[in-house]
Amino acid sequence: MPLTPSRLEQSRRQDLAILRQAEAARPAAYFKIIAAEADSRNVCGLSPTLTFLEAMRPATGKLLHYEQYVHPLGRESVSFASMAFYGPRVTR
């Protein structure tokens, strides 16, 4: 089934929702969004991103770039992003 512009837009919205949780350094919320959709979009960065957020506990993050690549036949796509993370979260 070919990808439609609306399906790509829906995927983009979900991607950005996930990335907003990563930017906010909220690993549980990041995971919750992906779990709610049963990882139906096969988020390949789930494990390393979740591990990073839990282990490093950054104070905040910033989305630097986001894009979707659509295969020339239009049957599949992949989203990719780059992020920067800043400072450790201070806990007392």
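How about the range 68-83: which of its residues are in a strand (DSSP E or B) and over 22 Å from Gln14 (Cβ atoms)? Residues satisfying the conditions do not exist here.
Listed by first and then second residue, the pairs with beta-carbon distance under 8 Å, at least 6 apart or on different chains, first residue in the range 35-53 and free of Cβ contacts under 8 Å to residues at least 60 places away in the same chain and of a type outside the set (Ser, Thr, Tyr), second assigned to a helix (DSSP H, G or I) and surrounded by fewer than 17 Cβ atoms within 10 Å (Cβ to Cβ), are Asp39/Leu46; Arg41/Ser11. In the range 68-82, the condition of being surrounded by 13 or more Cβ atoms within 10 Å (Cβ to Cβ) and acidic (Asp, Glu) is met by no residue. Could you tell me which numbered condition Glu67 fails, if it satisfies all but one of (1) at pLDDT below 95; (2) within 26 Å of Ser6 (Cβ to Cβ); (3) among the charged types (D, E, K, R)? Among (1) at pLDDT below 95; (2) within 26 Å of Ser6 (Cβ to Cβ); (3) among the charged types (D, E, K, R), the lone unmet condition for Glu67 is (1).
In the range 54-67, the qualifying residues are those that are of a type in the set (D, E, K, R) and farther than 12 Å from Asp15 by Cβ, and the one that is surrounded by the most Cβ atoms within 10 Å (Cβ to Cβ) is Arg57. Scanning the range 1-53 for residues that are within 10 Å of the chain's Cα centre (by Cα) and part of a loop (DSSP other than H, G, I, E, B), we see that the one that is surrounded by the fewest Cβ atoms within 10 Å (Cβ to Cβ) is Cys44. Close Cβ contacts (under 7 Å, 6 or more residues apart or on different chains) running from residues in the range 13-25 that are in contact (Cβ under 8 Å) with a residue 60 or more places away in the chain and of a type in the set (A, V, I, L, M, F, W, C) to residues that are buried (at least 18 other Cβ atoms within 10 Å of the Cβ) and in a helix (DSSP H, G or I) comprise Ala22/Tyr30; Ala22/Thr49; Ala22/Leu53; Ala25/Leu53. Checked against the criteria, Pro88 counts as touching a residue at least 24 places away in the same chain (Cβ under 8 Å) and loosely packed, with under 15 Cβ neighbours inside 10 Å. Among the residues in the range 55-66, are any part of a helix (DSSP H, G or I) and either closer than 15 Å to Ala22 by Cα or in contact with an Asp or Glu (Cβ under 9 Å, 6 or more places away or on another chain) (or both)? Yes; the residues of the range 55-66 include at least one that is part of a helix (DSSP H, G or I) and either closer than 15 Å to Ala22 by Cα or in contact with an Asp or Glu (Cβ under 9 Å, 6 or more places away or on another chain) (or both).
The values are calculated or read from the model by the stated rules, or taken from the named source; none is laboratory data. For clarity, every value in this text was computed on a predicted model and none was experimentally measured. No Cβ is skipped: glycine too gets one built from the backbone with ideal geometry, and neighbour counts run over all protein chains shown.
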